[in-house]
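Reviewing the structure listed below.
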Amino acid sequence: MVRRCFVFFCFLIMVISNAGPAAAKDAGEVQLGKIVITPSRFEEYIGEVAGSITVISGSEMRQNGVYSVLDALRDEGGIGIDVAQAGGLGGATSIFLRGANSGHTRVMIDGVRVYDPISTNASFDFAHLTMDNIDRIEILKGPQSMLYGTDAMGGVINIITKKGEGKQKTSLMAEAGSFYTHRQALDVSGEESGLHYAFSGSHLKSKGFSKAKEKNNNPEEDHYENYSFSSRLGYDLSESTNLDLITRYTDAEYEYDSSYPIADDPNKINFTKQGSISGVLNQKLSDNLEHKLQLSWMRNYRKDVDDPPPTGEYLRDWFDGRTQQADWYMIYRPNNTYTVTTGLNYLRERGESYYYSIHPIFGTTESIFSKSYAWTKGVFIENKLNLSDKFFATAGIRLEDHSRFDTSETYKIDALYSFDTGTKLKGTFATGFKAPSLYQLYVPADASFGGGNANLQPEENETYEVGIEQSLLEDKLSFGTTYFHTIFKNLIDTTWNTTTGITEQYKNVGKAKAFGYESQIRFQPFKKFKAIGNYTWLDTEDKDTHDELLRRAKNKFDITLDYSLTEKLGLASTLRYVGHRQDSGGQLLKAYTRVDISTNYDISEECNIFGRIENLFNEKYEEIKGYQTPGFSVYVGTKYSF
């Protein structure tokens with residue numbers, strides 16, 4: 001399989017190399033680089049950032065037919081990222097950054113922390129998040145609690161939506177493909193008299209395939225349907241003051257299979273609703289002083305329904321989590337050398353749930369999680385130094401107070417030096433923490449489980465990383481390697497009491513480590529062609545059991561080729577290799593190699609057609625033991641803009 005994939009890629013490279021060069025990329029664009037905001041909360045060039053950051057373009061993803069943030073992370077942000085999904089569309093999804101747990105990544109949409117407050121580890125499920133209205137995704141790896149507080153131990157995934165600009169643009173999109181899947185989307189954006197607007201809505205429906213492995217006698221298809229809406233409305237009160245109103249809503253319904261044991265269940269359905277709304281004030285008080293105030297609300301609601309025939313299982317449950325958030329920060333630039341950022345953050349979370357099940361193996365279970373609350377308050381200050389646009393250094397500290405435990409202190413120090421030869425040396429040392437979830441604090445005890453623990457302390461980690469980057473041939477060729485080493489402590493987990501035969505309540509008992517290398521090479525000899533290769537080597541260990549951490553691959557690499565064959569026709573292809581991983585119960589997930597191809601063609605300035613082939617060689621693999629993944633799939637669509 002690996003040999004076939006490499007033969008295919010060698011053929012593509014031969015075709016591209018014989019196509020001839022195109023015009024060189026604009027030199028000014030190469031020198032300036034991309035603008036990012038996640039590393040420091042203010043706009044800066046990516047070349048000034050000492051941390052490890054990846055930027056995914058929303059327009060490029062949509063052009064290649066990528067409709068979900070999950071697939072964008074797989075395709076473009078794969079370096080240092082592990083993904084585990086329970087089957088196909090709608091299956092519960094976990095993201096692991098640099099070996100950290102799934103709840104150790106802060107996920108934000110336009111500054112709003114999004115997650116499920118009533119889930120076990122208060123993580124975010126990427127299964128339903130679409131690319132609608134997204135301008136770019138910034139992935140910042142390593143502890144970022146100094147700037148962002150709780151749950152940023154592994155890093156931050158910051159999703160930034162589009163701001164309407166210029167004359168109104170409207171686009172309609174329709175796509176159909178494998179598993180009787182069809183998708184439609186509408187986008188409207190523009191600007192008039194200081195009013196900026198960008199709206200996007202989409203609908204996806206698919207018959208799907210069995211989430212439980214089909215070869216284990218699970219032939220039943222698991223359907224999926226998703227309605228999503230996103231909007232960003234802004235108004236310029238003056239040249240120095242702007243207001244934004246940002247909303248996002250997702251309504252998904254999907255069928256899934258039993259997990260104990262993993263097997264078909266033809267009428268087990270989940271309903272998920274996720275919504276957020278945010279008001280933002282941006283104001284420039286003087287040439288060197290500006291501030292931002294953001295007030296936000298988020299709700300995550302889900303419920304499950306299952307009736308007895310034919311599995312004998314009856315299930316009714318619901319989970320309701322809500323947050324209120326307030327963020328204020330100020331940026332002061334006394335001169336070109338110093339930038340000082342300070343801020344205050346407040347988060348109030350609320351959760352409640354009800355669970356009732358009659359199971360043929362476990363019997364009758366009823367659990368009532370009464371309405372519970374927690375809050376965190378934080379303050380931080382950061383100073384960034386810029387010496388002659390060659391040496392950049394950042395130092396910052398945060399104090400965070402939680403309603404259940406004492407103040408947590410986190411800090412970060414980093415530095416980067418750029419040589420005239422195109423060489424960059426960089427290093428970072430940072431600490432992070434994650435507050436216990438509402439579930440871990442307050443879930444009620446029952447006959448088999450000791451329940452929550454209101455005396456839990458935060459999980460903590462510390463990381464150092466060092467890296468080198470080199471740019472050659474006027475930035476046409478660049479490569480770099482980063483080494484990172486992370487220690488986790490006070491991890492929250494349960495223990496099994498062999499005397500009583502029950503699972504004890506949550507405790508701070510876990511320790512782990514993760515270290516490894518991330519390498520990337522990028523080659524863009526001319527504007528119409530680029531090749532990107534990523535490689536990650538990761539070593540993880542649970543310090544109590546001495547086992548590898550679950551579902552993290554030791555070796556991963558990917559190669560992406562992107563080529564504009566003509567002014568109207570584009571072609572892209574990705575080869576992705578993921579090494580073996582440990583799963584629960586000592587089971588091994590085998591390594592796999594997958595190839596995807598996408599193409600797009602501009603019929604006219606208004607009309608574009610696109611298509612993609614996923615899993616070209618029909619590779620059979622699992623991201624979670626017992627759950628299958630899509631085989632060979634084909635999708636074709638068209639987009640009309642006016």
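Just want the answer: with Cβ charges of +1 for Lys and Arg and -1 for Asp and Glu, which residue in SER367, PRO143, SER171 is farthest toward the dipole's positive end in the chain?
Value computed over the given set: PRO143.
If you rank THR337, THR431, THR486 by fewest surrounding Cβ atoms within 10 Å, what's the result?
Fewest-to-most ranking of THR337, THR431, THR486: THR337, THR431, THR486.
Output wanted: per-residue J couplings in Hz (rounded whole) for segment 55-61, from phi through Karplus 6.51 cos²θ - 1.76 cosθ + 1.60, θ = phi - 60°, x for Gly and Pro.
10, 10, 7, x, 5, 5, 5
Are there any GluC sites (Glu not before Pro) in segment 187-294 that are in a DSSP loop and have at most 13 other Cβ atoms within 10 Å? List them by number.
GLU239
When ARG248, ARG552 are ordered from fewest to most other Cβ atoms inside 10 Å of their Cβ, what list results?
So the ranking, lowest neighbour count to highest, is ARG552, ARG248.
Need the list of lysines near LYS377 for cross-linking: C-alpha distance under 28 angstrom, and skip anything on the same chain fewer than eight residues off.
LYS141, LYS273, LYS284, LYS292, LYS412, LYS434, LYS489, LYS507, LYS511
Ranking SER388, SER633, SER230, SER202 by Cβ neighbours within 10 Å, fewest first, what do you get?
SER388, SER633, SER202, SER230
Below 10 angstrom from the Cβ of LEU147, what's the summed charge of the other residues (Lys, Arg +1; Asp, Glu -1)?
So the environment of LEU147 carries a net charge of +3.
Compute, for the chain, the length of the dipole vector about the Cα centre, with Cβ point charges of +1 (Lys, Arg) and -1 (Asp, Glu) only. Units Debye, rounded to 20.
Values: 69 positive and 85 negative charges, 162 e Å.
Dipole about the Cα centre, nearest 20: 780 debye.
Going by a ≥ b ≥ c, the root eigenvalues of the Cα gyration tensor, does segment 267-333 fall in the rounded group (a/c under 1.5), the prolate group (a/b larger than b/c) or the oblate group?
prolate
Classify segment 2-641 as rounded, prolate or oblate, taking a ≥ b ≥ c as the square roots of the eigenvalues of its Cα gyration tensor: rounded when a/c is under 1.5, otherwise prolate if a/b is larger than b/c and oblate if not.
rounded
Which lysines have a Cα less than 19 Å from the Cα of LYS568, not counting those fewer than 8 places away in the same chain?
The reachable lysines, counting only those whose Cα sits under 19 Å from LYS568, are LYS25, LYS527, LYS528, LYS530, LYS639.
Determine the relative contact order of segment 2-641: mean sequence separation of Cα pairs under 8 Å and six or more apart, normalised by residue count, in whole percent. Intermediate results must be reported in sequence, preceding the final value.
Working: 1819 pairs, mean separation 74.5, N = 640.
Reported relative contact order: 12 percent.
What is the dipole size for segment 275-399, taken about its Cα centre, with +1 at each Lys and Arg Cβ and -1 at each Asp and Glu Cβ, in debye to the nearest 20?
Magnitude of the dipole: close to 640 debye.
What net charge is computed for the residues neighbouring LEU233, neighbours being all others with C-beta under 14 Å from the C-beta of LEU233, Lys and Arg scored +1, Asp and Glu -1? Please list the in-between numbers first.
Numbers: positive: LYS162, LYS163, ARG232, ARG248; negative: ASP110, GLU165, GLU191, GLU192, ASP236, ASP244.
Residues close to LEU233 contribute a combined charge of -2.
Place +1 on the Cβ of every Lys and Arg and -1 on the Cβ of every Asp and Glu in segment 156-248, take the dipole about the Cα centre, and give the residue among ASN226, LEU243, LEU186 whose Cα lies farthest towards its positive end.
Highest projection toward the positive end goes to ASN226.
FYI, it's all coordinate maths here, none of it is from the lab. None of the values given here were measured: they were computed from a predicted structure. Every residue, glycine among them, receives a Cβ derived from its backbone with ideal geometry; neighbour counts consider all protein chains shown.
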